[in-house]
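Novice: Take a look at the following structure, please.
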Amino acid sequence: MIFLPFSVRGRPWLAIAGLAGLLAVVPLVACVTAWASQASSAVHVIDQARVEAPAGADAPAAASASQVQRLPDEWTSSRPGFAGTVVYRLDLPPAPSADPRALYLPRACGAIEVRWAGHTILQRPQAGPPRCDQAQLVALPGDTARGGLVEVRLAGRPRSETLLRQDAGYFGAPRVGPEWLLHARAERQRAAGVWLPRMLAAMLGLFALGWLAVALWGGAAIAGPTGLLLGGAALLEARELWLGWLPAGRPAEAAVAMLIAALAGGTVLWLQRWEGARRRRVEAALLAQVLLVPLTVLVVPAALVHDAALGWWVVHWLQVAVAVGVCVRALHRGGRASSPWVAAGGGLALAFAAVEWAVQAGAGDLPASQPTEYALPVLLAGLTLAAARHFVASTRGEVEAQAAMEQEVARRTAEIEQRYAEMAEARIEQVAEAERKRIAGDLHDDLGAKLLTIVHTSSDERISTLAREALEEMRLSVRGLTGKPVKVADALADWRAETVSRLGQAGIQVDWMTEHDNDERHLAARAYVQTTRILREAVSNIIKHSGANACTIRCVIDETDFNLVIQDNGRGIPLELDGKLDRGHGMASMKRRAKQLAGQCLVESGPGFGTVIRLTLPL
């Protein structure tokens, strides 16, 4: 019925393929199930042993006698406070086949020695705190096929003298069976209990180096705490690698305690950096705590090491819980979207820490693997991703802020350069103005006085007239040098009086037309001077060359331009001079003066209808 819709839709081949696949999976599942059943029947689990503990000062009296012990055997429950060697005598069943057999020890915490028929076939000394979940596979001699006794000597420590419960004396339920089958199981357990933690430690270590490098290069503030957290977790995951160099006992336990304190303190610092705060007193207290915790482990009596560690773990848990609450509250008040994620991650981490504390305190049986061993890397991976996202966001923000700052610096620089140019231009103008005033004063005081003397003392009328004209020209130049603006009405009055007087003396009738006799606007001094000279040159040309008897002058001023039109009724410019007007000094000077004022001077002429000069200057 499952494949019916496919056949109805015209694809019966898909139904056939699905049915064939189902028929192929069924035998495969049956084969795997049969193989697992056969393998399970070939492996014998030894769930009890005759136990013999030598009597001594540190062993209870009942422990010296041989007795039957259920396996697995956790010394915390079976012989609390015992430190020494316990001998486990295991009964091996006869071999069901001729395959080589092996003894599989899934977990044994302490120094191990395995003996058969008085000969040692395995010896594992304890150097530093071992990882007790490292499976041991012991190849059994061929004469064990008929069964017999295997003696396992385990030298362990009580839980009270160990920082972690899993480091206390423990002997798991051994298994005996074909070597090839148990070898695969031992490799799987070794991969899960040894190689996987080492790979996680290597990964965390690489991440830690990267974050510490970012912190050293001046990266985000969260980079340093993230690197320290990952580095501490990497050392804790791979403690059997480097703690084996330390003497077994207090030094190794103190090193582990320091790592746990550093992890708790690093978590608090990380939360503060994520919040965006930095509290110097809290940092100093956390640093002092990292030094105080291992000192406590070193100085307390041996029977109180585990209890002291449990007390410190409660302190660490409370510190992290307070830091999570403060961080979430600050993020929520700031409206940051990460507050739910921090609350969820912090709550999950605190939950795992509480479960770990309960396990260490002796609640229930010791699990095969500690929850925090695999939860810690997962939580730290999430923390790393969050820190990376925060770093990218802060870096992007810094880049944008730097770009904005560069734009602001460029704008301010342009403003400063513009102001400097304006100041330099103003300074140059001031110097030029002062120099113009000095020259104007010299002309007025020296040359003007001499020309005025010539005008009044010369008996020659021609010399007196030239001197008077030179004096007027000098006064005009002085006015241009002083730079004082002139009212439009005053300028028109001056121009009209001078033009009418000159043309009237030459017998030429003048028609002056303007509507700006009362205009209150001003002309720049330079514009007034140059316009006066252009007008004088035009009047001179009319008197000397035009042969006219009438002249019309029209002045129009709009919002932007000053327009002056001078028209006579003379003979005009001959054809042979057409196109050569600029070669004369007068016409060329008129056009040059207009161009200097950003204006233009146009000349229109022809035989029989006079000459028209159009002057246009911007106001």
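The values are calculated or read from the model by the stated rules, or taken from the named source; none is laboratory data. Note that the structure is a prediction, hence the values are computed from the model and not measured. Please note: Cβ atoms are built from the backbone with ideal geometry, for glycine as well, and neighbour counts cover all protein chains shown.
Novice: Select from the range 557-569 the residues that are of a type in the set (V, I, T) and either free of Cβ contacts under 8 Å to residues at least 12 places away in the same chain or surrounded by 16 or more Cβ atoms within 10 Å (Cβ to Cβ) (or both) and write down the one among them that is farthest from R593 (Cα to Cα). Outline the logic, then answer.
Specialist: Start the filter on the range 557-569 by keeping residues that are of a type in the set (V, I, T), which leaves 557, 560, 565-566.
If we keep only those that are either free of Cβ contacts under 8 Å to residues at least 12 places away in the same chain or surrounded by 16 or more Cβ atoms within 10 Å (Cβ to Cβ) (or both) too, we end up with 557, 565-566.
On the way: I557: 19, V565: 16, I566: 16 Å.
It comes out as I557.
Novice: When you go through L92, L137 one by one, which is the residue that is outside the structural domain of W357 (by TED's automatic domain parsing), modelled with pLDDT of 85 or more and over 24 Å from A192 (Cβ atoms)?
Specialist: Residue meeting the stated conditions: L92.
Novice: Kindly evaluate G572 against the criterion of being under 21 Å from E604 (Cα atoms) and surrounded by fewer than 17 Cβ atoms within 10 Å (Cβ to Cβ).
Specialist: In short, no.
Novice: Specify the residue that is nearest to the chain's Cα centre (by Cα); the eligible residues are those in the range 145-168 that are assigned to a strand (DSSP E or B) and surrounded by fewer than 18 Cβ atoms within 10 Å (Cβ to Cβ). I'd like the intermediate steps shown before the answer.
Specialist: Taking the range 145-168 as the starting set, the residues that turn out to be assigned to a strand (DSSP E or B) are 148-156.
Narrowing further to those that are surrounded by fewer than 18 Cβ atoms within 10 Å (Cβ to Cβ): 148-149, 153, 155.
On the way: G148: 69, L149: 67, R153: 58, A155: 54 Å.
In this case the residue turns out to be A155.
Novice: Within the range 322-329, is there a residue that is part of a helix (DSSP H, G or I), out of contact with any Ser or Thr (no Cβ under 8 Å at 6 or more places or on another chain) and either within 30 Å of L196 (Cβ to Cβ) or not assigned by TED's automatic domain parsing to the domain that holds T296 (or both)?
Specialist: The answer is yes, given that some residue of the range 322-329 is part of a helix (DSSP H, G or I), out of contact with any Ser or Thr (no Cβ under 8 Å at 6 or more places or on another chain) and either within 30 Å of L196 (Cβ to Cβ) or not assigned by TED's automatic domain parsing to the domain that holds T296 (or both).
Novice: Specify which of the listed residues (G382, G362) is surrounded by 11 or more Cβ atoms within 10 Å (Cβ to Cβ), closer than 20 Å to A309 by Cβ and in the same structural domain as A343 (by TED's automatic domain parsing).
Specialist: Matching residue, one of G382, G362: G362.
Novice: As an exercise: evaluate R411 against (1) at pLDDT 75 or above; (2) touching a helix residue (DSSP H, G or I) at 6+ places or on another chain (Cβ under 9 Å); (3) over 27 Å from P72 (Cβ atoms) and give the number of the one condition it does not meet.
Specialist: Status for R411: all satisfied but (2).
Novice: Inspect all residues belonging to the range 506-529 and state whether any of them is farther than 17 Å from G586 by Cβ, hydroxyl-bearing (S, T, Y) and surrounded by 14 or more Cβ atoms within 10 Å (Cβ to Cβ).
Specialist: Within the range 506-529, one or more residues are farther than 17 Å from G586 by Cβ, hydroxyl-bearing (S, T, Y) and surrounded by 14 or more Cβ atoms within 10 Å (Cβ to Cβ).
Novice: Are there any pairs with C-beta distances below 8 angstrom linking a residue in the range 536-549 that is charged (D, E, K, R) to a residue that is buried (at least 18 other Cβ atoms within 10 Å of the Cβ), with the two at least 6 apart or on different chains, and if so which?
Specialist: Cβ pairs passing all conditions: E537/M590.
Novice: State whether the residues of the range 255-277 include one that is without any contact (Cβ under 8 Å) to a residue 40 or more places away in the chain, in a helix (DSSP H, G or I) and either surrounded by fewer than 18 Cβ atoms within 10 Å (Cβ to Cβ) or basic (K, R) (or both).
Specialist: no
Novice: Okay, moving on. Exactly one of (1) in contact with a Ser or Thr (Cβ under 6 Å, 6 or more places away or on another chain); (2) at pLDDT 90 or above; (3) not polar (S, T, N, Q) is unmet by H306. Its number?
Specialist: (2)
Novice: Now for a different question. Select, from S540, S546, the only residue that is out of contact with any His (no Cβ under 7 Å at 6 or more places or on another chain), farther than 19 Å from A594 by Cα and assigned by TED's automatic domain parsing to the domain that holds A588.
Specialist: Of S540, S546, the one residue that is out of contact with any His (no Cβ under 7 Å at 6 or more places or on another chain), farther than 19 Å from A594 by Cα and assigned by TED's automatic domain parsing to the domain that holds A588 is S546.
Novice: Now for a separate question. Among the residues of the range 498-520, is there at least one that is assigned to a strand (DSSP E or B), touching a residue at least 40 places away in the same chain (Cβ under 8 Å) and farther than 20 Å from D568 by Cβ?
Specialist: no
Novice: For a quick check of your reading of the model, give me the residue pairs whose first member lies in the range 325-336 and is within 12 Å of R273 (Cα to Cα), whose second is of a type in the set (S, T, N, Q) and in a helix (DSSP H, G or I), with beta-carbon atoms closer than 7 Å and at least 6 apart or on different chains.
Specialist: L331/S339
Novice: Then there is this: Residues of the range 85-101 being under 12 Å from Y170 (Cα atoms) and either surrounded by fewer than 21 Cβ atoms within 10 Å (Cβ to Cβ) or under 60 Å from the mean Cα position of the chain (by Cα) (or both), which ones?
Specialist: T85, V86
Novice: Another question, then. Would you mind finding the one in A53, A24 that is over 30 Å from R157 (Cβ atoms) and modelled with pLDDT under 70?
Specialist: Step by step, each of A53, A24 is checked, and only A24 is over 30 Å from R157 (Cβ atoms) and modelled with pLDDT under 70.
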